[in-house]
Each structure stands twice: as structure tokens, then as C-alpha cells.
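Since every read-out is calculated from the coordinates, none of them should be taken as a lab result. This structure is a prediction, so every number in the text was calculated from the model and none was measured. Neighbour counts run over all protein chains shown; Cβ positions are idealised from the backbone, glycine included.
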Amino acid sequence: MAGMTALPLQDFIASLDNTCLPKIIQVCSGVYFQGSIYELSGSEVSFSTGDLLKVIGIELLSVCCEDIHNKEKFELPINHTGLFKVLPDEMPYSTIEEMLSLRPLGLESCLPFTFTSRSKMAVGNLTLGAGKALTMLSIERHEGQEDQVRCHLEGHQKSSAEVCIPLSSRGEFYECEGEEHFTLQEIMSSPSLQSRRFRFVNTTKCDRTLVFSPVYQVHAIMSLRKNVLKFSSSLEVDVIDVTEQCKDVEFVSPLSLTEAFSEPDESFPVVVEIMKSPDSNSLLKCNWLSQLTQHEHLILHKKGTLPMVLVSTSKGRKVQQYFVVSQQYGGRFRRRPREFNSVYELYVASMQAPGLKVSVTRNCEEDEEEGLPALSVGEQLEIVRCDRMELPRADNKGQKPSVEALLCQRLQEPDDGDDDDDDDVGEEEARQEEKNEVFLPLYMQSHFLEVLGDKKKYKLRDLGKSFSLPLDVKVVSRDTELETDPLAGLSCLRIEAAMLEPMIQASFPVSPEYCFEIPTQWLSMLVQFTPKPLPWPQGEAPQCYVERVTEVTSAFFYEFCKQGYSAAVPPPRPPKRDLSSCKPSKRMTSKPSKKTSKAKKDQLKQDKSIPAREFSELTLNNRKRPPARPSRANIDHEPPPTMPRKHQAVETTAHKAQPNAYVKMEDSKKQVALCDAAENEDSDHDYEMVEDTLKDMLNSAKEQVLFY
């Protein structure tokens, strides 16, 4: 390419317009920033000597203004609203025609303008003196005659005249400063104006002489670059025009998987080369992902939008897994009962599947004030409908609030048929009918398990037709066409959602028959279509075995939920209570106050030998143990029971021996300490005296009953 003239990029781009594009240029010298990578307008650019660029568009962005006196430069946007005035050139013009040729295009719009002649000029019978100011009004054109300009001439004593001067008139003409104003857009659209000097119309703002040069944004492509490059024409790079020499050069543009999917069906199957491998933090988690490396070849068999389902493992597992499964999956599933942690979840599930039956898995205490019924473990309910129930308490206005609730039917267990209760059958049936229906407020928190009587095996595509999602299932028979089925060994799966995903079926050239499906929207990778032949005879495509299960990461699941999330209405909150007028509920009264709890904790801290209440009340027959000693308030009217001699001996000798932890207590704590001591086999106390004391108390109580 010797003999070609190198131009600065700024000058070369300024000489172009969009009608002559595209142009191919080559970087020949002045590598910008020594070939380092820099960023302009969000595009990463790196130029080196010898690089080829195909300019496909230019866009005027701004104007570079240079002060000709101090060489200071600054930029103004092309839509700058300021106005500029043309400064007259100091160079004389030899003819009127030469002076007009340097005026901007559309001369009539720039008239009138004024000029002077340094020498006398004879026009017909009229002689014009030197230094006379002539104002050009219009151009006179007559067929067969020389073109002339009509000028206005100011004479003495405010006299005026008009003269016509031929364009070929010679002399020494100078342009005078005119009154016409121009915007930056007008100046840059006229090549003749671009070479002129200007100043701001508002001289108080800036009174300096400026020359303008356009700054373009260049749109170009480079071979093996994914995106169109956008950079400024002001880069200090020298280029040469090699359009004619490089007509046959192909600028390869890599394609993303989404762009490859948009290629026509006739383009498949094809061998592609991976130009950019997937990111290390990919959303997919499968065995073939690590083989997608740069410059590796891949066979794209076909494309299509396939029905898929998103499946997750149980949350109770140590590591929760997620899978995208094709609905062509050949395994068989069996339904698993769902778990619900609130009545609102029951309501949502019953709307999708009417006639839902559940079993209570955790006891729930009754709370009349809040409208919460008592539920027992094992109790079965059938959801009837959503209705409104009235709460027993009244608000400030004396009205009883109503809330949304689920009307449920209690499912009765078969009767044992005891003969002892035959006399009360009628009353029992009446009470049972009243208890058959129960209202569960939607804001009620409880635990339920779905009751299933379905043992049928389903295909994956049949589950979506028969049931609504999400759905808990288990694989009972694996897909025999898969070499390894990752779903077969999992105890519980949840089908989260169904989706239609654009997929490309691909394989590696070393084993073209073993295929996998790539979700194009979830994998970031660049490929290039190559002319390489397919690794099988023409027209004899191999039978493909497709992996129908693709493991994905938790990030994939969360991103999918974001895209397909529909704002669900939150469960209702319980109505506010008027604490000044309401009575404490049963649940509130049974709960100890904070002060009592704190005092009890302090008491337990002082004496760690006192057992917790639930442990002190345990007996072999699960009945509450009677108190070891009656309280003093109940026995003031009775003589104290006679204590065994052995116990008296312990008390009399207590001051001589070192007391142990069980004896050193207040009287109010002795019965709890004794109950605790009864559990300790290493204690020195004689526990037979406690039993004797209880026998005496029981005998005394029997005598009192007989007496009355």
C-alpha cells in the first residue's frame, strides 16, 4: 500500500458524508495511547498499527472551537443555541465572482452583504471612487448576457444610487463585516462557511476570533468484534483509505446464542466456533458446560421453542437443587402431599383445586376473641368455600367485626361402638353435628398436610394438564433413555412452574449423537458460523440421544421468579383490638406476664436444683402428682401431721452436720425440692417418709368426707 497518503482521522472523516459509505480504512501510525484499551461512549476500543476498520456511519456530535490567537480549544454541542457572525477575511479578492464563490450556499438567503474596492472602478458611464462601500442586493441573470450583481451605493448628502456590476469586474475587493448571524448547525452544513472565521454575536461574552472544525462520532466494525464500535473522530490516529484494495475482506461478526437462534431454519445443522466462552458464574450447572471453551467447535443441530418445567428439591435438604426438565422426560411421577403453614395457603390451594382435604399436623389452642378454633393433631378437614365469620368481641362502636374465613367440614373418624354410651347417643349426635363445620380465619397460622388418595403414576406432561402448580411429586420410575437420570434418586421434588424456552440442540463433533439442549436466554456465549463440513455423510444424520434434564443454580431460580413474578395479595391481618374495652383472651390469660417470667427465671438462677414445671409433674401413669405437702393456708385449722422420727432426727441434727443443697432452702420451696430429690438416687434423704406423709393426708381427707 505504498504511495497512499496518510491523513489524520479527523481530516479523513470530515471529508466524508453518509452517501459515500462504507469506507475501509487502515491504522498506519500514531497508535492512540500506545495501543492500550480505552473506553469511549461506553464502547471498549483498542487500535493497533495495521488494524482494518469498516466505517459504516458518521454522526456529527459537536464542534471544536479554536482561538486563533492563543490556540485554546473547547467544544460546543451541535445544538448550541448561540449565534455567530462571520469575520471578513483580510485577503483581497481579485474579481466579484471570486468573492461570491466563497459565500455560503444559498447566496440569496445571505444577502445583502457589503464590500469595498481599493481602486477606482468604471461601471458604464459611472466611475466609482476607491474605498466606496457597495451593498450587494441581488444577482441579475439574463439569457445571452453576462451575469451581474445589483449593488446599492451611498453618495454625498445621503444620496443613493443602484448600479449593476459584472461578475468579471477586476479589482482589489475586500469584504466588510455584515449583519447576518449563523448557528453552529448552519455553519457545519456549509463547506464554504466551515473555512471562515467567526466571533460570538454577543461581543461582551466572548470577543475572540474562532475557527470551527466538526467532531464526528464514527460507527465502524472490526473483524471478530461483536458490537459496532463508536469512537470520536478527534482521536490522534493516522489512517489511509484502503477501500479498493480490501473489497473482498470479510468482517466476521460473532453471534450471541439469541442471535444464532434467530437465524433461519435452513442454516441448521451447522458447525460453529466458540469465540467467547460462557462466564464462570453461569446460571447453568451441568457437565457439558465446562467443555464450552474458546475456539472449541460445536454442532448446532436444530432450534425450537420447547415446553419445559422448573423443578426444585425439598427445602429440608442440606443443598437444595434446581432443574430445568423437558416435558418429553420419560420418567413416571407420583404425587406427594403438600404442606401448608397457614390458612391463607389453604385458601390459595383450594381455589386451584376444589375439594381439598387436609390433616392437622400441629395442635392449635382455641382463642375466642380472635376467632381461632381449637384443632388437634390428626383431625381431618375438607375445604368447602371462603365465607365471612363474625368475631364474638365488639369494637368501639359496639359492632362485631367480620373477617374472611374458610368454611371447613370436619371429617369424622369411624365410631368405636362402646356400649356404655348408648343412653347418650341422641345428645352426642346433636353435639357432633354442630362440630362438623368450623370456620378458619384466613390470618390463622397452623400446620396442615394434604390428604391424598391418589396412587396413580403420571407422565410429566400429564401432570401439567391435570393439576395446578406448584406440585409436590416423586419419581417412581426413571427415564430409561437417559444414561444417568439425576431425578431418580431424589425423595421429593416440587414442580415450581412451566415455561416455553427457546432451545438449541447441540453436541460436540467427537460425539455428535449425544446431544444437549442449550437455553439461549440463560447462557452468555459468542459463536461464529463456519463453513466446516458436518462429521457425518450428507443426508445421513445420526440418531440423537438428548439429555432432557439440565441442572441450574439457585441464581437461575431467583432470576426466573423475578421475570415471571406476579404480585400475589398478602394474607389478611387480624382486625385491630380495642385493648381498653376487650377482655383478655384465653390465650393471653394462660400466658404468664413478663414480670412473673422474670421472677421465675431469677428464682431458678438462685436455686438450680429446682426442676422445670413440666418435668416435676411427670409420673409413670402420666397423671399429675399430688403435692408432697399441703400448703400452710389449707391446714391452719388442722393439726400438723405427725412426722416420722427419722425426719425429726434429720432436723435436730441439721445444725451439727454440714447442710446439703437440697435442705438449704425456704419452706415454700421444700415440696419442689422434694419432688426433685425423689428423682435423685444418690441423695441421703429417706424418701419413704414422703409416701407416709401422703398416706396420712389421704386418710385424713377420707375421714373428713365420711364425717360430712
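Across the stretch 356-368, coupling constants 3J(HN,Hα) worked out from phi with the 6.51/-1.76/1.60 Karplus curve, θ = phi - 60°, read 5, 10, 9, 10, 6, 10, 8, 5, 9, 6, 6, 9, 5 Hz, and Gly and Pro carry x. When SER233, SER402, SER350 are arranged by Cβ crowding within 10 Å, least crowded first, meaning fewest neighbours, the order is SER402, SER350, SER233. Under 10 Å from the Cβ of LYS456, count the other residues' Cβ atoms, weight Lys and Arg +1, Asp and Glu -1, and hand me the total. Charge balance near LYS456 sits at +3.
Look at ILE58, ILE139 and count the other Cβ atoms within 10 Å of each Cβ; fewest to most, that gives ILE139, ILE58. With a Förster radius of 22 Å applied to the C-beta separation of ALA541 and SER262, the computed FRET efficiency comes to 0.45. Residue by residue, the stretch 443-454 carries 3J(HN,Hα) couplings of 8, 6, 9, 7, 10, 9, 10, 5, 9, 10, x, 9 Hz when phi is fed to the Karplus relation 6.51 cos²θ - 1.76 cosθ + 1.60 (θ = phi - 60°); x denotes Gly or Pro. My understanding is that a pair violates if its Cα-Cα distance is over 31 Å; which of LYS54/LYS302; LYS230/LYS285; LYS315/LYS456; LYS315/LYS357; LYS276/LYS465; LYS285/LYS474 do that in this structure? From LYS54/LYS302; LYS230/LYS285; LYS315/LYS456; LYS315/LYS357; LYS276/LYS465; LYS285/LYS474, over 31 Å: LYS54/LYS302; LYS230/LYS285; LYS276/LYS465. With a ≥ b ≥ c taken as the square roots of the eigenvalues of the C-alpha gyration tensor of the stretch 266-360, please select rounded if a/c is under 1.5 and otherwise prolate if a/b is larger than b/c or oblate if it is not? Prolate, since a/c reaches 1.5 and a/b exceeds b/c.
Around the amide H of GLU296, modelled in the peptide plane, lie the amide H atoms of ILE274, all under 5 Å away and 5 or more residues distant in sequence or on another chain. A DSSP coil position with no more than 14 other Cβ atoms inside 10 Å describes the following trypsin sites (Lys or Arg not before Pro) in the stretch 48-94: LYS71. With each label modelled as a point 7 angstrom along the Cα→C-beta vector, the GLU97-SER15 pair spans 2.7 nm.
Counting charges near GLN217 (Lys, Arg +1; Asp, Glu -1) among other residues having Cβ under 10 Å from its Cβ returns a value of 0. Listed values for the stretch 272-283 are Karplus-derived 3J(HN,Hα) couplings in whole Hz (6.51 cos²θ - 1.76 cosθ + 1.60, θ = phi - 60°), namely 10, 10, 7, 8, 9, 6, x, 5, 5, 9, 5, 7, and x replaces Gly and Pro. Packing, as the average of other Cβ atoms within 10 Å across residues, places the peptides 143-150, 236-243 in the order 236-243, 143-150, highest first. Highest mean first, the peptides 306-314, 527-535 sorted by other C-beta atoms within 10 Å per residue fall in the order 306-314, 527-535.
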